[in-house]
Amino acid sequence: MKAFFEGIQTLFVDFLFKPLDWLRALELSNWWLANIISWALILVCCKYIVYWCKELKKHQDNNEENQDTTAHSFLS
């Protein structure tokens, strides 16, 4: 059983986490490039927040949104 868990450790440490080790070493020379994944995720989230707000505005302009406080039974 010990060999099984050591195999899982080898898989993750020696193979799957190698790109993250490279990014950690890169941080010492270039912080911006090392955090490129974070910046990409922030940009994707900002894009979808803007998209969601535009969709909400479109539904509100078409009077499709039910803003009645009795829309849910627990609010009445």
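FYI, it's all coordinate maths here, none of it is from the lab. These numbers come from a predicted model, not from an experiment.
Only DSSP H runs of four or more residues enter the estimate; each adds -39500 (n - 2.57), and after division by the residues of the chain the mean residue ellipticity at 222 nm equals -19500 deg cm²/dmol.
Kirkwood radius for the chain, taken over all pairs of different Cα atoms as the inverse mean of 1/r, rounds to 17.4 Å.
Compared with the alpha-carbon gap, the fully stretched path from Ala25 to Phe4 is longer by 4.6 nm at 0.36 nm per residue.
Straight-line reach from Lys57: which lysines fall under 30 Å, measuring Cα to Cα and dropping same-chain residues less than 8 apart? Answer for Lys57, where 30 Å is the Cα cut-off: Lys47, listed by chain and number.
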